[in-house]
Structures are given as C-alpha cells and as structure tokens.
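Have a look at the structure below before the remarks.
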Amino acid sequence: MTSQERRRVLLRDIDMVIDGGANGGQYAKWIRQCGFRGEIISFEPASETFAVLSEAAQSDDAWHCHNVALGPEDGQVLLNLTRTSLGSSLFRRTELHSRMWPDDVEAGAELVPLRSLRSLWDELGCENRRVYLKLDVEGAELSVLKGAGPLLDRVALLELELPLVDMHHDVPTFGDMLNFLTARGFSMVALEQNHSGDDETGQMLMIDGIFRRRP
C-alpha cells in the first residue's frame with residue numbers, strides 16, 4: 001500500500017483535517033489529490049510563508065488558513081526562521097540538522113501568536129466532527145498535543161513527524177512521543193519514511209507516524 005492509498009482509506013470517514021505546520025500548503029494539496037473533499041484548516045506561523053499558503057488556498061472554499069503557531073497555551077512565541085522556511089522552528093537546530101540541510105541557513109526570528117487546540121476547538125467548529133490531526137511542527141508536536149488537553153480524546157486519527165535522532169535541542173524523543181500517545185489511548189497504524197536519511201552513517205532521521213484512537 002502506498003502512502004496515497006493509505007490516506008484514501010484513512011480519510012474516508014474524516015470530515016475535517018487540521019494541518020499544523022502547513023508551510024506553503026503542500027500537505028493540503030496532496031490530500032486533495034488523495035481524494036479528500038472535507039474541510040482543511042491549516043496553521044502556519046511564519047508571515048512570509050503564510051502568504052504563500054493563503055494564495056494556495058484561495059481557490060478552495062473548504063480550505064481555511066490561520067497565521068498562528070500551535071502550542072501548549074495561548075500567547076506569543078519566538079519562531080526561529082530559516083531561508084527555505086521548511087526548517088523554521090520554535091527550537092534551535094542541532095549540528096546534525098545543519099549538516100543535513102546546509103543551504104537552509106538561519107534567517108532571523110519572528111514573534112508570532114501562539115494558540116492551543118483547546119482554546120481553538122469550538123472556534124474552529126470541531127465539535128461533533130471526525131477530526132484528523134496532522135502535525136509537522138519541527139519538534140513542537142508533543143507540546144501541541146498537550147495543548148489539546150482532554151479534547152485530544154475527540155481526535156480520531158493523528159499524523160505526526162517523529163524524529164529518530166536529535167534534530168532540534170530540547171525536544172521530546174521518539175520514545176517520549178510513543179509513551180504519551182499510548183497513555184492517551186492511541187494505537188499505531190503505520191510508520192512511513194519521511195526523509196532518505198544520513199548518507200554518511202545510514203541513519204534514518206525521521207518518520208511520519210499515523211495513530212488511531214483505540215475504541
């Protein structure tokens with residue numbers, strides 16, 4: 001089964017996808033290609049990247065975009081920017097990250113609004129919806145999940161970028177993430193390779209994990 005075939009199956013009974021760390025809208029456009037026709041709500045904190053995202057969503061009435069970072073609480077946070085925007089993060093990059101993406105150099109920082117899923121839930125109209133939560137937030141995945149509080153119990157499926165090695169400083173490990181998800185009632189559906197890995201060592205760097213709420 002390909003990644004696209006798997007999304008077709010998993011999204012069949014979903015009517016809302018929350019796309020955290022949307023960048024320029026690549027994921028949202030991809031799941032449209034996979035056949036998803038429900039509502040997409042994308043979050044991208046970097047202002048320049050958000051402009052690209054907004055333009056991508058203009059012709060799609062069921063795709064809505066928000067220029068905020070997702071996190072554990074409401075407030076403001078400093079976002080570390082990179083030249084390509086793909087590596088922009090709330091956390092500092094490790095030496096390994098810099099070696100693997102040498103062209104994606106640091107490009108300053110931006111103070112951005114921060115919102116928790118707990119405070120956004122009703123505002124977004126998530127109640128009584130079948131929600132698929134996708135997070136690619138460069139190390140902040142666990143803090144976003146914790147920010148959902150008890151409402152995480154209402155998420156049907158999760159898709160998370162999971163690092164196998166330290167790509168950012170002071171972020172949870174792969175084991176931390178699995179322990180949290182197990183404790184919160186999620187079981188693993190699939191692990192998919194996210195990046196080709198380190199050619200010097202053979203080390204796989206990160207994977208995409210998909211998890212389903214246990215009945």
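Please treat every number below as a calculation from the coordinates, not as lab data. As the structure is a computational prediction, the values presented were derived from the model and not from experiment. Positions of Cβ are backbone-derived with ideal geometry, glycine not excepted, and every protein chain shown enters the neighbour counts.
Summarising the amide proton neighbourhood of residue 148: residues at separation of 5 or more, or on other chains, whose placed amide H is nearer than 5 Å comprise 117, 118. Legend: P(r) of the range 129-181 from all alpha carbon pair distances, 5 Å bins from 0, whole percents, reading 4, 19, 32, 25, 12, 6, 1, 0. What residue among 122, 74, 13 has the largest mean-square fluctuation in a Gaussian network model of the chain, using Cα springs under 10 Å? Residue with maximal mean-square fluctuation among 122, 74, 13: 122.
Between residue 176 and residue 52, residue separation times 0.36 nm minus the direct Cα-Cα distance comes to 41.3 nm. As an equivalent ellipsoid, the range 14-93 spans semi-axes of 23, 14, 11 angstrom, where each value is the square root of five times an eigenvalue of the C-alpha gyration tensor, largest first.
Take the chain and mark each of the trypsin sites (Lys or Arg not before Pro) that is in a DSSP loop with at most 12 other Cβ atoms within 10 Å; the longest unmarked stretch, sites excluded, is 38-215. Each distinct pair of alpha carbons in the range 3-213 adds a 1/r term; the inverse of their mean, the Kirkwood radius, is 17.4 Å. The charge dipole of the range 3-213, taken about its Cα centre with unit charges on the Cβ atoms of Lys, Arg (+1), Asp and Glu (-1) only, comes to about 780 debye. Between 191, 135, 162, which gets the highest mean-square fluctuation from a Gaussian network model of the chain, Cα cutoff 10 Å? The residue that fluctuates most here is 191.
For the chain, the membrane-span-like helix rule (DSSP H, alpha carbon extent of at least 24 Å along the helix axis, mean Kyte-Doolittle at least -0.5) picks out no helix; this says nothing about an actual membrane.
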